[in-house]
Amino acid sequence: MIDKKDVLHNSQNIYYRSIVGAAEAGSQVRLGISIKADSPIKQVLLHTWSDGAGEKWSALTTRDGDKSKEKFYSLAVKMPDKGGLLWYYFIIV
């Protein structure tokens, strides 16, 4: 089991989300999550949804984080073509 203190995502930090703040309709935003390297992770998924644009499940790719104490998983997400809110959460398997 993974302890929640071993997982980090900060939507106000460019390391975990770029663009920080409002993103232009149709643009791309990179979302990321750090997980302690010795955690038993098989896969990290991102669930996104918005009004009128439906929902989507996507697998994140990984790379070693700073000093290999963490794994960093990320994905570029295309924003809906029409402005509005895009909701998301991560699922760690």
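The values are calculated or read from the model by the stated rules, or taken from the named source; none is laboratory data. Remember, predicted model here, so these are calculated numbers, not experimental data. Because the Cβ atoms are built from the backbone with ideal geometry, glycine has one as well, and the counts that use them run over all protein chains shown. Note: accessible area is taken over every heavy atom of the protein model, side chains too, but ligands, DNA and RNA are not part of it. Shrake-Rupley method; radii C 1.70, N 1.55, O 1.52, S 1.80 Å.
Here Thr61 does not fit the description of being open to solvent by less than 60 Å² (accessible area, probe 1.4 Å) and modelled with pLDDT of 90 or more. Before we move on, is Lys5 assigned to a loop (DSSP other than H, G, I, E, B) and not hydrophobic (A, V, I, L, M, F, W, C)? It is false that Lys5 is assigned to a loop (DSSP other than H, G, I, E, B) and not hydrophobic (A, V, I, L, M, F, W, C). Restricting the first member to the stretch 32-55 and to residues that are in contact (Cβ under 8 Å) with a residue 12 or more places away in the chain, and the second to residues that are part of a loop (DSSP other than H, G, I, E, B) and charged (D, E, K, R), the beta-carbon pairs closer than 6 Å and six or more apart or on different chains are Ala37/Lys69. Taking the stretch 64-90 as the range and being open to solvent by less than 50 Å² (accessible area, probe 1.4 Å), closer than 26 Å to Asp38 by Cβ and either at pLDDT below 90 or aliphatic (A, V, I, L, M) (or both) as the test, the residues that pass are Gly65, Glu70, Leu75. Residue check: Asn10 meets all listed conditions (1) surrounded by 14 or more Cβ atoms within 10 Å (Cβ to Cβ); (2) touching a Phe, Trp or Tyr at 6+ places or on another chain (Cβ under 9 Å); (3) among the polar types (S, T, N, Q) but one, namely (1). Under the condition of being over 25 Å from Asp51 (Cβ atoms) and either open to solvent by less than 60 Å² (accessible area, probe 1.4 Å) or touching a residue at least 12 places away in the same chain (Cβ under 8 Å) (or both), the residues counted in the stretch 14-31 number 1.
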